[in-house]
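The values are calculated or read from the model by the stated rules, or taken from the named source; none is laboratory data. All values reported here derive from a predicted model rather than from experimental measurement. A quick note on method: Cβ atoms are made from the backbone with ideal geometry, for glycine too, and the neighbour counts reach across all protein chains shown.
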Amino acid sequence: MPEYPVMSLGEGNTALIRSEALARQYGFSNLYFKLESTNPTGSYKDRFAAAAVAHLRKNNAVLCLATSSGNTGAALAAYSAKVGMPCHIAVVDGAPKGKLKQMQAYGARLWMVKGFGLDGDITRGVFEKLKEMATAHSTSVQISAFRYSPVGMEGVQTIAYEIAEELPAVRHIFVPAGGGGLALAMARGCSIWHAAQNNGFLPAIHCVQSYGNDTIAGNLRKGREKARPIPFSKTKISGLQVPSVIDGDEVIQACRKLGGNGHLVEDAEVFECQRLLASKEGIYCEPAGAVALSGAIKALNSKEIVPDQPVVCLITGHGFKDLWSTDQLIKSNPVTCVQNITQINVPFDGYE
């Protein structure tokens, strides 16, 4: 990464956990989860914010101006608070309350624009207006995409470096995508590591999207050269509701070069993977954090990957980020109220 003033909240160096229960259930021999949910504000976006805010500080910016569906905003708000920089964020229409409250707790000023992040025309208009505002205030708009914030995205590439150090034999990395920045960061990070170390680490990077926001994955799978904008995002997966292309064209080229593919999944499949990660692996993630696993399972079932090849799925954000999805997750497991302790009945039939 470039040299900027040292500024860290302890981001990075997240755990790479080997799957046991879900690997057995679905037939993987070597399935791993990269727990980006354990970063300081609960998502991989802390890597972005650390580099982006340090860059703003180096260039004497007087404020941080950003757009976010939640996790980018929370990370930027936290790192801005650390350096005493005002933070203003245009948030996606309908962003989860948990994420909004987290941003507010760090002191950020929020602006929710109706239709932003859902309607393609409105989203593009917001981006253009923010760029004008940034110019007027001698700063730059922070959006977690190479197209807008390449310096911040260099911080995200460190995920690939960490995987390379710990699991050099990995063959496939599955990545959730909205605007595609994370997938592109993984592809570039893997390529940079391979060139620097010459150690053979060059896994396939797979881009996974919801059918309700198919801007990249479908065209990658069909062999097309470019991503496509959509009029309106229909997925309920917070963080992946990005109807614009943003980094999509570059994602298609980078994933194809590394032998990866696009994978489309239903929202219901993602919510089921979120449930299984919590109940079978002890990994509590938001729905977007379960998207990569959904894609990996689909690829294995269709025999696009083979069971014994080491696979890494990125777990991008913590479950506390999206309390609506948690409410759905626990509906079948209510709290049992009793009058006193003697009424508690704990059956035990052995471990699964």
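So is A195 of a type in the set (G, A, S) and at pLDDT below 95 or not? Yes, satisfied.
Residues in segment 127-138 include at least one that is closer than 25 Å to V251 by Cα and among the acidic types (D, E). Look at (1) part of a loop (DSSP other than H, G, I, E, B); (2) modelled with pLDDT under 95; (3) surrounded by fewer than 24 Cβ atoms within 10 Å (Cβ to Cβ) and you find that E225 fails only one, number (2).
For segment 168-202, a residue qualifies if it is assigned to a loop (DSSP other than H, G, I, E, B) and on the phi < 0 side of the Ramachandran plot, and the qualifying residues are P168, A169, V170, R171, A177, G178, G179, N199, F201, L202.
Of all the criteria given as (1) closer than 21 Å to G189 by Cα; (2) within 16 Å of the chain's Cα centre (by Cα), the one not satisfied by A51 is (2). Counting only helices (runs of 4 or more DSSP H) that sit completely within segment 107-167, those holding 2 or more residues that are under 22 Å from the mean Cα position of the chain (by Cα) and free of Cβ contacts under 8 Å to residues at least 60 places away in the same chain correspond to 158-166. Within segment 231-245, the set of residues being over 22 Å from A290 (Cβ atoms) and of a type in the set (A, V, I, L, M) comprises just one member, V245.
Of all the residues in segment 93-110, those that are of a type outside the set (F, W, Y) and within 18 Å of H318 (Cβ to Cβ) number 11.
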